[in-house]
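A short worksheet on the structure shown next.
No value in this document is a laboratory result; all are computed from the given coordinates. No experiment lies behind these values; they were computed from the predicted model shown. Cβ: placed from backbone, ideal geometry, glycine included. Neighbour counts: every protein chain shown.
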Amino acid sequence: MSQPRRVAVMGVTGSIGRQSLDVLRRADQFELVAVSAGRRLDDLVAIVEEFRVPRVGVPDEASARHLAERLGSGVEVVVGDAGLVELCRDADVVVNAVVGFAGLPVTLATLEAGRRLALANKESLIAAAPLVERVRSTPGAEIWPVDSEHCALHQCLVGSSEEPTRPDVERLWITASGGPFRGYGAEELAAVTREAALRHPTWQMGPKITVDSSTLMNKGLEVLEASALFHVEVDRIGVVVHPPSIVHSMVEYVDGSVLAQLSAPDMRLAIAYCLGAPERLAHHWGRLDFTKPLHLDFEPPNRELFPALDLAYDCARRGGAAPAWLSAANEVAVEAFLEGRLAWRDIIPLVAATLEHFEEGPLESVEQLREEDARARSLAHGSLPR
Ligand code: MG
C-alpha cells in the first residue's frame, strides 16, 4: 500500500474500539482520520491527542462544546447522527464499533458512500437487513465482519461459489463458547447474578455482548447476522458449542469437506483481517501452540435451557422487522439487567413476551424501522418489573 489507508473508528472508547487502536498502533499503513464516542469523553480526548485525529464525532452539543474547549481549534468536532455520516464518507475503512441499534447510521452511511465497513455492530445489520441489502450494491461498498465467527466464515468461504444462493455450501456452523453457564441446570440458572453473567470464560468483551453470550442470545443474533451477510437461509446455519473458543466457525460443503478457521481467542486478529485485507498483517498476539496437546471439543447447545436460540431462528423465518424487534427488546432487557432491575432468568422471557405483539409485514424504510424499534422498546419497557 503506497498511500496510508484512512481509517475511522466509530464507538472508539468501547472494547472493540480500543482493540482497533491497538491494531493501528502496531501497523504503519493506516492513518486514523476520525473517531466518535457516545461516552467517556476523557478517554476520547486522550485518544485524539495520541493519534492526532483531525475529526471527532459526539452525540450532543454539550459534549461538543466540552471537547472543543479541551482540544483547541486544530480538531473539528461534529455532532449527532449527521456528524457521524459525514465522518464515514471521509474514510477508506470505517470500523463500526458502536453498541446496539445506535450503530445504524454508521452502517448505512458507510455503504452508501461506497466504503469498506469493518462491522462489529451486529445489531444494525440484523435489524435493518433488507435496507442494508439495498445499499450494499453501491460501487466500492464492502462489509468485512469483525465478529470473530463471521470473520472465520468469511475466510472459509474464500473460493466458494459466487452464485447468490451458495449452492456448494451445505451448512454454516457457528461455534459458541457456551458462555459462563454452560452445563448449568434450571435451578442454578434461576439464581444467576450480574457479576457471574459478566465473567466470560474465554473472550474479553463489553458488558452488553458478555450478557448476550451468557443467555446465548449473542449466538442467536449471530445466526441472523450470518444469514444476512452471506445470503444463506437460517435453516442452513447451525450452532455448535465449542468451549475452548479456538475454532471460530466452519463451512461444511456439499461434498462433506469442512473448512474451519482457528486462532487464539483475540478480537485483534479479526480487526486486523478486516482493516488490512487483502493483505494479512503480521503480528504476534494470539498464537496457537501445536507443540502441546490441544483439545477441540464440540457439543450441541441446550436449546431448552437457552431458548434465545430458537427465538432468533423463529424471528429470521418471520422476516421483516421481527429481527429488529428481537434485538430491540433484548437491548432493553439487558440494560435493565445491568442496572439491577431485571433478573437474569427473566431476560429472554421478556424478549419473548415482547415478540408476541409483533405483526408480520415487509420492512421498507429507515423511518419504518425506527418506528418498529421504538414500539418494541416501549413494549419491553412496559413489561419491566416496577
Ligand atoms: Mg461473535
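In this label model, Leu262 and Arg317 are separated by 3.6 nm, measuring between points 7 Å along each Cα→Cβ vector.
Convert 37 °C to kelvin, take the viscosity as 0.692 mPa s, use the Kirkwood radius over C-alpha pairs of region 1-126 as Rh, and evaluate the Stokes-Einstein diffusion coefficient in µm²/s, rounded to a whole number.
Here the translational diffusion coefficient equals 232 µm²/s.
Placing dummy labels 7 Å off each Cα toward the beta-carbon, the span from Glu49 to Arg194 is 3.2 nm.
Of the GluC sites (Glu not before Pro) found in region 149-215, the ones in coil according to DSSP and having at most 15 other Cβ atoms within 10 Å of their Cβ are Glu162.
Taking every C-alpha pair closer than 8 Å and separated by at least 6 residues, the mean separation divided by the residue count of region 199-341 gives a relative contact order of 29 percent. Among 271-282, 208-219, 16-27, sorting by the average number of other beta carbon atoms lying within 10 angstrom of each residue, highest first, gives 208-219, 16-27, 271-282.
A straight Cα-to-Cα reach below 25 Å connects Lys219 with the lysines Lys122, Lys208, residues fewer than 8 places away in its own chain not being considered. Between the residues Val93, Ile348, Trp144, the greatest Cα displacement towards the positive end of the dipole of the chain, with unit charges on the Cβ of Lys, Arg, Asp and Glu, is found for Val93. Its relative contact order, with pairs defined as Cα atoms under 8 Å and 6+ residues apart, puts the chain at 15 percent.
What value in Å³ per residue do you get for the convex hull of the alpha-carbon atoms in the chain?
Numbers: hull volume 57.3 nm³, N = 386.
Looking at the chain, the number lands at 149 Å³ per residue.
Its DSSP H runs of at least 4 residues, each contributing -39,500 (n - 2.57), put the calculated 222 nm mean residue ellipticity of the chain at -13000 deg cm²/dmol, to the nearest 500.
In loop segments of region 316-386 as defined by DSSP, the GluC sites (Glu not before Pro) with at most 13 further C-beta atoms inside 10 Å of their C-beta are Glu339, Glu356, Glu359, Glu360, Glu364. With a simple spin-label model that places each label point 7 Å from the Cα along the Cα-to-Cβ direction, the separation between Asp81 and Glu360 comes to 2.9 nm.
Taking Gly319, Gly74, Gly100 as the candidate residues, the one with maximal mean-square fluctuation in a Gaussian network model of the chain, Cα springs under 10 Å, is Gly74.
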